[in-house]
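Visitor: Input: one structure, supplied below.
The values are calculated or read from the model by the stated rules, or taken from the named source; none is laboratory data. On a predicted model such as this, the values are computed, not experimentally measured, just so you know. Because the Cβ atoms are built from the backbone with ideal geometry, glycine has one as well, and the counts that use them run over all protein chains shown.
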Amino acid sequence: MDQQIILDALFSAIAAIGFSAISRLPRRAYLYCAVIAALGHSLRFLLMSPDGTGMHIFLATLIASCFIGLLAVFLSPLARTPAEACFFPSLLPMIPGIYAYMTFGGLALCILSDSQEAYNFYYYQFSHNGFICIAILTGMVVGATLPVFMFKKISFQATR
């Protein structure tokens with residue numbers, strides 16, 4: 001379990017650095033984005049693990065996104081970048097790619113199905129995975145932006 005958490009944190013940090021570079025952030029912000037992503041993604045991993053709480057991915061993502069938002073608000077003045085610039089690359093490793101993939105796979109198979117039973121099964125897969133994907137993305141947005149609005153004074157210090 002410890003090794004999985006460390007690998008999860010490492011890969012999230014690497015992805016956040018890559019997304020920071022693509023977003024053209026100043027290099028001084030790369031380390032902060034990496035730390036925020038590693039801690040946030042590891043929190044989600046722990047919340048979802050059977051040894052931890054075994055929480056559903058939506059709720060775990062909402063809590064981890066709020067944690068990422070809090071870290072971004074308090075670390076962005078050190079990086080001298082807006083909090084949004086710090087949490088955006090840190091959130092990207094948590095995008096629910098497998099749910100999006102299964103959503104569109106279910107849609108394609110739904111369209112190509114020959115029987116009513118197959119159509120119903122693939123439509124269920126399409127809608128189930130689509131709702132989870134949209135819920136996770138919504139949780140990421142809400143969770144990360146709430147701290148920015150709650151701590152406006154600190155949040156906008158970096159841009160003054």
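Visitor: Could you check A79 against (1) surrounded by 15 or more Cβ atoms within 10 Å (Cβ to Cβ); (2) without any contact (Cβ under 8 Å) to a residue 40 or more places away in the chain; (3) more than 19 Å from the chain's Cα centre (by Cα) and say which number it fails?
Guide: Result: A79 passes all but (2).
Visitor: Mind checking which pairs have a first residue in segment 5-30 that is assigned to a helix (DSSP H, G or I) and a second that is of a type in the set (D, E, K, R) and crowded, with 18+ Cβ neighbours inside 10 Å, Cβ under 9 Å, 6 or more apart or different chains?
Guide: Pairs found: D8/R44.
Visitor: Within segment 93-105, is there a residue that is at pLDDT below 95 and more than 26 Å from F45 (Cβ to Cβ)?
Guide: So far as segment 93-105 goes, no, none of its residues is at pLDDT below 95 and more than 26 Å from F45 (Cβ to Cβ).
Visitor: If I filter segment 114-125 for residues that are at pLDDT 90 or above, within 28 Å of H41 (Cβ to Cβ) and either surrounded by fewer than 21 Cβ atoms within 10 Å (Cβ to Cβ) or not charged (D, E, K, R) (or both), do I get at least one hit? So that I can check it myself, show each step before the final result.
Guide: Kept after step one, since they are at pLDDT 90 or above, are these residues of segment 114-125: 114-125.
Those still in the list that are within 28 Å of H41 (Cβ to Cβ) too: 125.
Next cut, either surrounded by fewer than 21 Cβ atoms within 10 Å (Cβ to Cβ) or not charged (D, E, K, R) (or both) only: 125.
Yes, there is a match, as at least one residue in segment 114-125 is at pLDDT 90 or above, within 28 Å of H41 (Cβ to Cβ) and either surrounded by fewer than 21 Cβ atoms within 10 Å (Cβ to Cβ) or not charged (D, E, K, R) (or both).
Visitor: Could I ask something else about it? For the structure I just gave you, tell me whether S23 is modelled with pLDDT of 90 or more and not aromatic (F, W, Y).
Guide: On the way: modelled with pLDDT of 90 or more: no; not aromatic (F, W, Y): yes.
Criteria not met by S23.
Visitor: Could you tell me whether any residue of segment 60-69 is touching a residue at least 40 places away in the same chain (Cβ under 8 Å) and surrounded by fewer than 17 Cβ atoms within 10 Å (Cβ to Cβ)?
Guide: There is no residue in segment 60-69 that is touching a residue at least 40 places away in the same chain (Cβ under 8 Å) and surrounded by fewer than 17 Cβ atoms within 10 Å (Cβ to Cβ).
Visitor: When the residues of segment 94-114 are filtered to those that are more than 30 Å from A38 (Cα to Cα) and outside any helix (DSSP H, G or I), which remaining residue is nearest to the chain's Cα centre (by Cα)?
Guide: Across segment 94-114, the extreme among qualifying residues is S113.
Visitor: Restricting to segment 40-58, name every residue that is surrounded by 13 or more Cβ atoms within 10 Å (Cβ to Cβ), in contact (Cβ under 8 Å) with a residue 24 or more places away in the chain and out of contact with any Phe, Trp or Tyr (no Cβ under 7 Å at 6 or more places or on another chain). Please lay out each step first, then the result.
Guide: Narrowing segment 40-58 to residues surrounded by 13 or more Cβ atoms within 10 Å (Cβ to Cβ): 40-49, 52-53, 55-58.
Keeping just the survivors that are in contact (Cβ under 8 Å) with a residue 24 or more places away in the chain gives 40-46, 49, 57-58.
Within segment 40-58, H41, S42, R44, F45, L46, S49, I57, F58 qualify.
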